[in-house]
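See structure below.
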Amino acid sequence: SMGARVAAALAPAGERPQFIAAGTTGGDCAAPGLANLIQGELHWPPLETLSITGICAASVGALNAAAQAVESGGANEAIALASEFPSRLFKKSRFEGRNADVDFNAHFLRWMLSDGAGGVRIANKPADSGLSFRIKWIHQKSFSGDMPTCMQVGMSLDNPPKGYLDYPTLDAAEKAGAYDLRQDIRLLPNLFDLGMHEYAALARAGHVDPKQIDWFLCHYSSERFKPVVATLMEEAGLAIPQNKWFSNLSSRGNTGSASIFIMLDEFVQTMGDRLKPGNLIFGFVPESGRFSVAYFLLEVVAPNSEHIGSATEAYSESLPPAPVDAPSEPGPVADLLTELMSVWHNYRSEVFRTPLVRKILGGHFGTTDYIGWMENWIPQVREGSLWMRRAASSMTSRFAELSKLVQTHAGEEQLDWHILYDDYRRAGGTLSPRQLVRNPGGEALNAFMHAYAAQSDPVGLLGGIYIIEGTGQRIIPTLLPRLRDQLGLPLTALKFLDYHGENDQHHMRRWLDALHIVASTAPSELHKIVQVACTVADLYLSQWRYIDA
């Protein structure tokens with residue numbers, strides 16, 4: 001197997017590692033584990049093994065386990081590897097006569113994934129010659145409790161889904177498409193949102209400084225998503241210049257969990273003569289299975305140094321990127337964004353675990369639920385332009401430009417509640433606008449926004465707008481396709497949600513302009529924006545939780 005060939009190539013001549021960790025999405029058989037199969041194929045003597053089943057981040061799980069085995073002293077040398085052979089799932093014979101439009105999420109992956117294997121050898125000392133990498137840290141986090149499954153194999157399209165072993169025969173499971181590898185591409189933007197915000201948390205905690213990174217190895221599944229990641233980093237003030245990025249996606253394809261190891265090897269093969277002791281390599285592996293993110297930081301070390309390092313070998317080739325340019329120093333707006341992203345990260349996670357959102361993502365949301373949601377939400381939206389106008393009128397002359405921006409925003413949104421109310425009526429709602437009442441969470445949020453807007457120069461409300469507009473830009477687009485599938489309502493009954501998903505990005509650009517106004521006029525006021533964002537996140541979350549679902 002490919003995994004065994006990689007393990008054999010990484011084993012020192014005449015020696016055997018004491019630990020093997022192997023990750024994969026689909027091994028050569030359902031059981032035993034991949035690590036045991038590799039050891040058996042190579043006829044290696046007794047040693048400790050760990051098989052990790054996952055998707056892209058399974059490789060970092062294997063890396064982490066092998067590194068801990070060496071760090072703890074349980075092994076002097078260990079191997080971490082990942083192997084993928086998805087072409088076996090994509091045989092033409094399995095898809096003949098099937099309608100691609102019926103299950104696009106399975107068909108499109110046939111053109112997105114490649115076979116491959118790669119790995120690293122980890123030792124308690126650097127190699128005797130050449131450069132090695134010291135593992136400074138590894139960070140992994142799963143958000144499976146927040147988000148629905150995005151990429152999977154072995155479950156049907158039924159609601160609720162049925163596992164392939166629950167069918168009377170494997171042939172019946174195959175005919176039902178229960179053993180197709182699928183990815184819900186509508187959910188993918190959430191993965192990059194999660195990855196960006198977790199990266200911001202690492203930077204804010206001091207674990208990674210983008211100014212100090214010499215090379216960035218990012219495993220992204222398609223060239224289409226590379227600009228998405230780059231834009232998010234720039235908005236956060238944490239951008240790593242493009243000429244520090246290294247990828248072999250165009251030459252090796254997306255090899256799933258093996259990608260980061262193959263990329264690391266190709267990086268060494270092509271960039272080795274440019275690496276110097278002390279260089280820092282930052283790696284990022286997002287996983288769309290049920291949403292996990294993984295990061296690692298490596299330091300280049302010289303032979304015979306005191307650092308623990310790892311030597312890499314795999315199969316790849318690529319061209320070097322352009323020379324490195326030093327990034328500019330982040331300003332107060334970038335620092336503020338990093339703090340706000342931490343607030344948002346926690347808020348978003350809590351929203352996705354509220355009963356309302358769990359019911360939507362679980363496929364159990366009906367028209368009655370939708371009407372009840374709108375009855376809670378319409379009164380809040382109706383007040384939005386009012387507290388924004390009050391805030392604009394509370395601005396003194398030094399914030400005249402900011403007041404104008406807020407007035408413009410209020411003008412654009414003053415009739416939004418009419419769109420939402422029309423949606424409500426088309427869905428079957430019968431109450432008049434005066435009969436609609438905010439729930440306790442919405443009442444608390446509305447009272448706070450009006451009271452704060454009445455203060456002199458209430459620039460902190462920009463933090464509240466960040467949470468509210470972010471909800472429309474990042475959360476609503478995730479829910480909208482599910483609502484369309486479940487409700488069976490005409491698109492005219494979902495116009496407000498569709499409008500905000502499309503237009504709040506424009507609103508967020510205007511919001512960034514407002515931040516720069518505050519930063520240039522009164523930088524000492526910026527902390528108020530974070531304070532209000534925290535308060536609004538808590539109050540808005542309370543509104544979500546009070547909705548009867």
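The values are calculated or read from the model by the stated rules, or taken from the named source; none is laboratory data. Not measured: the values here are computed from a predicted model. Glycine also receives a Cβ, built like all others from the backbone with ideal geometry; neighbour counts cover every protein chain displayed. SASA here: full protein model, heavy atoms, side chains in, ligands and nucleic acids out. Shrake-Rupley method; radii C 1.70, N 1.55, O 1.52, S 1.80 Å.
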Next on the checklist: Looking at the stretch 73-85, can you tell me whether even one residue there is under 30 Å from Arg358 (Cβ atoms) and modelled with pLDDT of 80 or more?
Outcome noted: no
Next on the checklist: I'm told His364 meets every condition in (1) part of a loop (DSSP other than H, G, I, E, B); (2) modelled with pLDDT of 95 or more; (3) not charged (D, E, K, R) except one. Can you identify the failing condition by its number?
Outcome noted: (2)
Next on the checklist: I need the full set of residues from the stretch 106-120 which are closer than 14 Å to Ser1 by Cα and not in a strand (DSSP E or B), in order please.
Outcome noted: Asp115
Next on the checklist: Every residue in the stretch 62-99 that is polar (S, T, N, Q), closer than 19 Å to Ser51 by Cα and touching a residue at least 12 places away in the same chain (Cβ under 8 Å), please.
Outcome noted: Asn64, Ser83
Checklist outcome for this item: When the stretch 432-467 is checked residue by residue, the ones that are surrounded by fewer than 20 Cβ atoms within 10 Å (Cβ to Cβ), in a helix (DSSP H, G or I) and touching a residue at least 12 places away in the same chain (Cβ under 8 Å) are Pro433, Pro440, Ala444, Phe448, His450
Checklist entry - Do we find that Arg545 is modelled with pLDDT under 90 and either charged (D, E, K, R) or part of a helix (DSSP H, G or I) (or both) in this structure? => result no
Checklist outcome for this item: Ser51 vs (1) crowded, with 20+ Cβ neighbours inside 10 Å; (2) in contact (Cβ under 8 Å) with a residue 40 or more places away in the chain: all pass except (2)
Next on the checklist: Take Gly23 and tell me if it is of a type in the set (Gly, Ala, Ser), open to solvent by less than 30 Å² (accessible area, probe 1.4 Å) and in contact with a strand residue (DSSP E or B) (Cβ under 9 Å, 6 or more places away or on another chain).
Outcome noted: yes
Next on the checklist: Looking for something at pLDDT 90 or above, part of a helix (DSSP H, G or I) and in contact with a Gly (Cβ under 6 Å, 6 or more places away or on another chain) - is there at least one such residue anywhere in the stretch 37-46?
Outcome noted: yes
Checklist entry - Residues in the stretch 62-79: is at least one in contact with a strand residue (DSSP E or B) (Cβ under 8 Å, 6 or more places away or on another chain), part of a helix (DSSP H, G or I) and closer than 21 Å to Arg252 by Cβ? => result yes
Checklist entry - In the stretch 40-56, is there at least one residue being in contact with a His (Cβ under 9 Å, 6 or more places away or on another chain) and more than 15 Å from Val120 (Cα to Cα)? => result yes
Checklist outcome for this item: If we ask which residues in the stretch 168-180 are open to solvent by less than 30 Å² (accessible area, probe 1.4 Å) and either among the hydroxyl-bearing types (Ser, Thr, Tyr) or modelled with pLDDT of 90 or more (or both), their number turns out to be 0
Item to check | Residue ID - farthest from Ala66 (Cα to Cα), chosen from residues in the stretch 121-150 that are in contact with a helix residue (DSSP H, G or I) (Cβ under 9 Å, 6 or more places away or on another chain), open to solvent by 50 Å² or more (accessible area, probe 1.4 Å) and part of a loop (DSSP other than H, G, I, E, B) | outcome: Gly145
Checklist entry - What number of residues in the stretch 183-194 are within 15 Å of Cys56 (Cβ to Cβ) and touching a Leu at 6+ places or on another chain (Cβ under 8 Å)? => result 2
Checklist outcome for this item: Filtering the stretch 383-395 down to residues that are part of a helix (DSSP H, G or I) and either open to solvent by 60 Å² or more (accessible area, probe 1.4 Å) or small (Gly, Ala, Ser) (or both) yields Gly384, Ser385, Leu386, Arg389, Arg390, Ala391, Ala392, Ser393
Checklist entry - Do we have Gln183 as touching a residue at least 12 places away in the same chain (Cβ under 8 Å), touching a helix residue (DSSP H, G or I) at 6+ places or on another chain (Cβ under 7 Å) and polar (S, T, N, Q) here? => result yes
Item to check | Selection from the stretch 396-420 of residues that are open to solvent by 30 Å² or more (accessible area, probe 1.4 Å), under 19 Å from Ser520 (Cα atoms) and of a type in the set (A, V, I, L, M, F, W, C) | outcome: Ala400, Leu405
Next on the checklist: Can you say whether Gln486 is over 20 Å from Glu339 (Cα atoms), touching a Ser or Thr at 6+ places or on another chain (Cβ under 8 Å) and of a type outside the set (Asp, Glu), as far as the supplied structure shows?
Outcome noted: no
Checklist entry - Quick one: which of Thr471, Thr478, Thr492 is in contact (Cβ under 8 Å) with a residue 24 or more places away in the chain, touching an Asp or Glu at 6+ places or on another chain (Cβ under 8 Å) and either closer than 16 Å to Arg348 by Cβ or of a type in the set (S, T, N, Q) (or both)? => result Thr492
Checklist entry - Under the condition of being among the small types (Gly, Ala, Ser) and surrounded by fewer than 17 Cβ atoms within 10 Å (Cβ to Cβ), which residue from the stretch 202-229 is modelled with the lowest pLDDT? => result Ser222
Checklist entry - Going by the structure shown, is Ser87 in contact with a Pro (Cβ under 8 Å, 6 or more places away or on another chain), among the small types (Gly, Ala, Ser) and more than 22 Å from Phe133 (Cβ to Cβ)? => result no
Checklist outcome for this item: Within the stretch 151-163, the residues that are assigned to a loop (DSSP other than H, G, I, E, B) and open to solvent by 60 Å² or more (accessible area, probe 1.4 Å) are Leu157, Asp158, Asn159, Pro160, Pro161, Lys162
